[in-house]
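No value in this document is a laboratory result; all are computed from the given coordinates. As the structure is a computational prediction, the values presented were derived from the model and not from experiment. Don't worry about glycine lacking a Cβ; one is built from the backbone with ideal geometry, like all the others, and counts go over all protein chains shown.
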Amino acid sequence: LSGGTWLNGKLVTGNQQGISLRDRGLLFGDGLFETVRVYSGMPFAWPQHRKRLEAGCATLKIDCPLAEIERGMAALLQCVKKMQEGSLRITLTRGEAIRRGLLPAPGARPTLLITSQQGDPYPEHAYQQGFSAITVSFPRNHRSPLVRLKSLNSLELILGRMEAEAAGANEGIFLNLQGELCEGSVSNLFVVTDQGEIITPPVSCGLLPGIARALALDLASQQGFTAREEKISPSDLYSTSEAFLTNSLLEVMPLISLDGRAIGSGLPGPVVTRLRRIYREHVQAFISSNY
Ligand SMILES: Cc1ncc(COP(=O)(O)O)c(C=O)c1O
């Protein structure tokens, strides 16, 4: 068994995976998700993911079935015993459409789907090489509440990721309506200044408050770096000596080129390499403290 599914209160397999054909997640993308990294069979940074999910549910006025989510995660991790390294994806929709139209009807029971994925998300050589990126051709609306939610409405991000793929790049970086950098299609963005400061755009620039982003900022500060939120312009990114991307599965990934131009030397730089090591040490400490 390389993965499993928790759907509405029970573990299900293969052909049992029934879900209403009128589910609002399916019809409208009306819901949220979280991707949680699993290390040594334990969900990492779950309190932070839980908090973001609860906040998103409050914004969308979806009841968040926390106890069931935690029961499902535990059941899946128990069932997929071989899953030492991997991830859980928690998908929560508003539930079945009770009436026609966009407006949610009161009383819908949210649909909860949790799936597991086994294995290390990225191979070591990807980190040695670093990621390439392109600037996506259309902007993110930083005034929309949607850009701050981990929403099931991923179409802008999908189009951005497809543009990157078509250009042979690993990631698409979005600018906002003011031409400032926001984030990648699946990641948050950081640059390292000439003074060795670590900068990432504030959430007000129109981005998901990433769990790995917050952790990278914290760990960098704890290790004596100046790490802060500040607006970044495309020319800052073109001229920076080092940049990197974060997400819960990528952790800290060096960004080595943008739009076909090398960032710095075009190789993973010393600050990013150190930060990646610091992140890994934090993960090791998490694993040890939970044994
Ligand atoms: C658009 C976007 N920004 C940022 C992130 C990083 O979020 P996290 O660090 O919580 O994984 C993701 C994660 O997939 C994302 O989809």
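Where does the charge balance sit around ARG24 when Lys and Arg score +1, Asp and Glu -1, over other residues with C-beta under 15 Å from its C-beta?
That sum, taken over residues with Cβ under 15 Å, equals +2.
How about region 1-105: which trypsin sites (Lys or Arg not before Pro) there are in a DSSP loop, with at most 13 other Cβ atoms within 10 Å of their Cβ?
Qualifying residues, ordered by number: ARG22, LYS61, LYS81, LYS82, ARG99, ARG100.
Using the Cβ atoms and a cut-off under 10 Å, what net charge is assigned to the surroundings of GLY206, where Lys and Arg are +1 and Asp and Glu are -1?
+1
Which whole-Hz ³J(HN,Hα) couplings does region 122-128 yield from phi under the Karplus relation 6.51 cos²θ - 1.76 cosθ + 1.60, θ = phi - 60°, glycine and proline marked x?
Ordered by residue, 3J(HN,Hα) equals 10, x, 4, 5, 5, 6, 5 Hz.
Between ARG277 and GLU54, what length comes free when the chain is fully extended (0.36 nm per residue of separation minus the Cα-Cα distance, one decimal in nm)?
Full extension of this stretch gives 77.2 nm more.
State the Cα centre-to-centre distance between region 91-144 and region 228-291 in whole Å.
22
Assuming R0 = 22 Å, can you tell me the calculated FRET efficiency for the pair SER154 and THR226, based on Cβ-Cβ distance, to the nearest 0.05?
0.05
Using a 10 angstrom cutoff on alpha carbons, build the Gaussian network for the chain and name the most mobile of GLY119, GLY224, GLY184.
Comparing GLY119, GLY224, GLY184 in a Gaussian network model of the chain, the most mobile one is GLY224.
Just from the alpha-carbon atoms, what are the Rg and Dmax of the chain in angstroms?
Cα-based Rg and Dmax for the chain come out at 19.5, 58 Å.
Please give the helix 211-222 orientation as an angle from the longest Cα principal axis of the chain, in degrees from 0 to 90, rounded to the nearest 10.
Around 40 degrees separate the two axes.
Given a Förster distance of 51 angstrom, what is the FRET efficiency for GLN284 paired with ARG99, based on the Cβ-Cβ distance and rounded to 0.05?
0.50
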